[in-house]
Each structure stands twice: as C-alpha cells, then as structure tokens.
Amino acid sequence: MHVAVLRRVVGTTVKEVLVGPFDPSDELGPTALSTSRIVEGAEMTMDIVLQSASRSITLAGTASAPWSGLCSRCAVHVSGDLTVPLDELFVEKVGEDDDVYRIVDDAIDVGPAGREALIVGLPLLPLCQPNCQGLCPSCGIDRNEASCSCAAPKDDRWAALDGLRSLGEEA
Ligand SMILES: [Zn+2]
Ligand SMILES: [Zn+2]
C-alpha cells in the first residue's frame with residue numbers, strides 16, 4: 001500500500017482494514033513442526049493502524065485467519081479462527097540489520113508481516129478440548145468416548161532395568 005500521504009506529516013496515523021488471500025503465492029505449506037496450519041485458500045484480515053515517524057512507519061493491530069489441525073492427543077480434526085497481535089516497524093533504509101520490513105518507493109507491503117505473525121501464532125500442540133483424554137496407547141480406543149480395561153501404561157523408566165534383570169536370569 002502507498003504511504004506517501006502518511007509520510008508527508010510525521011505522526012500521521014491511518015486506520016485500515018485489509019482483506020486478502022493469506023497465501024497469494026501458494027508457498028506456505030504445512031510445517032513439519034505441527035499439524036496446524038492456516039486453512040488453504042483462506043482470507044487473511046488485517047485490522048491495523050499505521051503511524052509515520054521521520055524515517056519509519058509503525059504498524060500495530062491484529063491479523064486473523066481460519067486455521068485447522070489435528071488434536072495432538074486424540075487426532076480428531078480441530079479448527080478455529082486465529083487472531084494475533086501485530087507490532088511491526090517498516091524502515092526507509094536498511095543498514096546492518098536486514099531482518100526488518102522496508103519502505104520502498106513510498107510503499108509498504110504489509111502482507112508478509114501478517115503472514116509471519118499468523119504462522120508463529122499457530123498452536124503447536126492443538127487440543128480438541130482442554131482436558132482431552134487422548135487415545136489408549138494399548139488398544140487405541142478414544143478415551144473421551146469410551147473406557148477400556150487395558151492396564152495402566154508401563155513406566156518407561158523401568159524398561160532398562162527389566163532388560164538387565166532378564167539377562168541376569170539367563171546367566
Ligand atoms: Zn483430542
Ligand atoms: Zn485400551
């Protein structure tokens with residue numbers, strides 16, 4: 001978006017609500033870290049306030065988009081609307097620090113700031129409900145819907161000791 005008007009008088013603020021495709025270049029697939037991702041083809045809404053300083057523009061507000069993923073305990077589909085806060089700085093000149101957003105020809109591209117904040121804000125371990133009971137590791141039954149008679153899971157810390165014990169018996 002063009003920011004020439006904003007920059008003419010330092011301290012000018014502009015409020016904008018922008019809606020556009022979250023992933024216009026179709027480059028942002030799911031990450032290996034988590035099953036959660038922004039819904040494919042979804043729109044991103046940015047509700048922002050821009051304010052000019054002498055050689056920079058600050059962006060504050062929120063970005064939101066629908067997301068979906070799998071419950072990290074029972075693997076059912078979960079989805080919702082993700083809204084994340086934005087607090088970004090766009091600068092005219094970039095010195096040593098290349099990791100900042102730029103003002104180029106009196107214009108800024110706010111999309112990347114919204115996309116980045118949304119991706120960072122995705123839940124790493126989504127849950128279908130806060131107290132999801134998960135699946136039984138023995139029989140796979142969904143403990144939210146039914147109970148089973150499997151024994152309580154064995155404490156892994158004793159597994160190594162079991163190995164030692166059986167070796168001793170063979171000797
Ligand atoms: Zn669950
Ligand atoms: Zn079970």
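The values are calculated or read from the model by the stated rules, or taken from the named source; none is laboratory data. Model, not experiment: these values are computed from the prediction. When we count neighbours, we look across all protein chains shown, and the Cβ atoms used for this are built from the backbone with ideal geometry, even at glycine. For the accessible areas, the whole protein counts, side chains as well, though only heavy atoms, and no ligand, DNA or RNA atoms are used. Shrake-Rupley method; radii C 1.70, N 1.55, O 1.52, S 1.80 Å.
Tell me whether the range 95-112 contains one or more residues that are closer than 17 Å to Gly20 by Cα and part of a strand (DSSP E or B). No, the range 95-112 contains no residue that is closer than 17 Å to Gly20 by Cα and part of a strand (DSSP E or B). The set of residues in the range 96-105 that are open to solvent by less than 90 Å² (accessible area, probe 1.4 Å), at pLDDT below 90 and over 23 Å from the mean Cα position of the chain (by Cα) comprises Asp97, Val104. Per the listing Gly41, Gly80, the residue uniquely exposed (fewer than 14 other Cβ atoms within 10 Å of the Cβ), touching a residue at least 12 places away in the same chain (Cβ under 8 Å), assigned to a strand (DSSP E or B) and touching a strand residue (DSSP E or B) at 6+ places or on another chain (Cβ under 9 Å) is Gly80. Tallying residues that are open to solvent by 10 Å² or more (accessible area, probe 1.4 Å) and within 16 Å of ligand 1 (Cβ to nearest atom) within the range 108-138 yields 11.
Residues in the range 59-77 that are more than 27 Å from Leu135 (Cβ to Cβ) and open to solvent by less than 20 Å² (accessible area, probe 1.4 Å): Leu59, Ala63, Ala65.
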